[in-house]
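Student: Right, I'll just put the structure down here and ask away after.
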Amino acid sequence: MRLLQFEADGSLSLVHFMGRDPEPYAILSHTWGSNNEEITYQELLSGTGKEKLGYRKLIFCGQQAAKDGLQYFWVDTCCIDKTNSTELSEAINSMFRWYQEAAKCYVYLSDVSCAADSVALFPKSRWLTRGWTLQELLAPNSVEFFSVEGNIFGDKHTRAKEISEITDIAIEALKGRPLSQFSVEERMAWAKRRTTTRKEDAVYSLLGIFDIQMPLLYGEGEEKARRRLRKEIRESSGDITTNDDGLTRDKRLNEIYRWLSPPDPSSNYQKALRQRQHDTGLWFLRGKPYKSWKTSVASSLWLHGIPGCGKTILSSTVL
């Protein structure tokens, strides 16, 4: 893991924590601008790109970390060498843990300004709709929201109810309940309305939420990636009966049993009674066959007719 820090002259440098636990650090959550506006790993090493809009995010994160007594901070745009596919795969598989272990997570909302109505702008922020920001919201304990000017306007806990209403994420998950206590389908549903630039990332961004590690195969497509993820979930949970659509064998069998079960006469009678129009079947009650049966010792009254002609409705009148 690489972390950023300020040098004495105000420049930024990277510190490598290889094979050892990093010092306490802050971590940035944000939405990417256009690729040519974000600071890359190579640009940070060469000291270029300071004129880019993305550089402002780095300075914000470092300054806010310093205010919170933290020397080190992490920003995905330049702390990962994305030209190295092995490193990128390792980083994506580790990212949930990196956010989870951060002392502070700062959410930088480039489309929310305190000069405007931040209360009205926050629910419309692009950050709430992106795939990668789901784990960045759920993993850290401390998540603070900042406007584009760098002003704080709440955190995950104080805005939990609002965020839950906007995203349909269970409020208990926002308040720290272990994600393993939520069903697979519930966790999958949290990501349904979120988008990613690369299709496979819609799946890869969920790895940490299911505590899964798997190789990244860009080019495989979203559906193949999703099938691989579900397979990993099944194997990690010991549930070999889960199908790709999330239904277990027991659930499927229960549905078949309900379909094959004999009809309930009482339920059918009540249903027919509700559907019957007023005065339906009175002609039958006034007829000779019914009167004869009513006064005789015979125990059965047979109603003959083609399917759908109204025998069930008529029976509800008789009974």
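Student: For GLU222 and LYS50, compute 0.36 nm times the residue count separating them, minus their Cα-Cα distance, and round to one decimal in nm.
Tutor: Numbers: separation 172, 0.36 × 172 = 61.92 nm, distance 3.54 nm.
So the extension gain works out to 58.4 nm.
Student: Let me ask another. To the nearest 20 Debye, how big is the dipole of the chain about its Cα centre, given +1 on the beta carbon of each Lys and Arg and -1 on that of each Asp and Glu? Please list the in-between numbers first.
Tutor: Numbers: 43 positive and 41 negative charges, 526 e Å.
So the dipole magnitude of the chain works out to roughly 2520 debye.
Student: What does the net charge come to around VAL119 if you take all other residues with beta carbon closer than 13 Å to its beta carbon, with K and R at +1 and D and E at -1?
Tutor: Working: positive: LYS124, ARG159; negative: ASP117, GLU162.
Net local charge, VAL119 excluded: 0.
Student: Residue farthest toward the positive end of the dipole of the chain, with Cβ of Lys/Arg at +1 and Asp/Glu at -1: which of ASN151, ILE306, THR48?
Tutor: Checking the options against the dipole of the chain, the answer is ILE306.
Student: Mind jotting down the three principal axis lengths of the chain based on Cα atoms? Whole angstrom, largest first.
Tutor: 110, 46, 32
Student: Taking only Cα atoms and a 10 Å spring cutoff, compute GNM fluctuations for the chain and point out the largest among THR195, THR129, THR295.
Tutor: With Cα springs under 10 Å in the chain, the top fluctuation among THR195, THR129, THR295 is at THR295.
Student: Of GLY49, GLY281, GLY208, which has the largest mean-square fluctuation in a 10 Å C-alpha GNM of the chain?
Tutor: Judging by the Gaussian network model, the answer is GLY281.
Student: Shifting gears a bit: Spelling out what I want: for every residue of segment 9-22, take phi, set θ = phi - 60°, compute 6.51 cos²θ - 1.76 cosθ + 1.60 (Karplus), and round to whole Hz; glycine and proline get x.
Tutor: Karplus values, whole Hz, x for Gly and Pro: 8, x, 7, 9, 9, 9, 10, 8, 10, 9, x, 8, 5, x.
Student: Where does segment 2-177 land on Rg/Rh, using Cα atoms and the Kirkwood Rh?
Tutor: Rg divided by Rh gives 0.95.
Student: Beyond 29 Å between alpha-carbons counts as too far, so tell me which of LYS57/LYS224; LYS57/LYS161; LYS124/LYS231 fall in that bin.
Tutor: Values: LYS57/LYS224 35 Å; LYS57/LYS161 27 Å; LYS124/LYS231 35 Å.
Flagged as over cut-off: LYS57/LYS224; LYS124/LYS231.
Student: Under a point spin-label approximation (7 Å from Cα along Cα-to-Cβ), what is the GLU186-TRP293 distance to one decimal in nm?
Tutor: 5.3
Student: Another question, if that's okay. Would you list which lysines come within 27 Å of LYS50, measuring only between C-alpha atoms, while excluding same-chain residues fewer than 8 positions from it?
Tutor: In chain and number order, the partners are LYS67, LYS82, LYS104.
Student: Would you mind calculating the relative contact order of segment 1-151 from Cα pairs under 8 angstrom and at least 6 residues apart, reporting the percent as a whole number? If you can, show how the numbers build up before the last one.
Tutor: On the way: 230 pairs, mean separation 41.2, N = 151.
Result for segment 1-151 is 27 percent.
Student: Give me a comma-separated list of calculated 3J(HN,Hα) values for segment 99-108, in order, Karplus coefficients 6.51, -1.76, 1.60 applied at θ = phi - 60°, integers in Hz, x for any Gly or Pro.
Tutor: 5, 5, 8, 5, 5, 9, 10, 9, 9, 9
Readers should treat all values here as calculations from the given coordinates under stated rules, not as data from a laboratory. Treat the numbers as computed from the prediction; the structure is a model and nothing was measured. With ideal geometry, Cβ positions are generated from the backbone for all residues, glycine too; neighbour counts draw on all protein chains shown.
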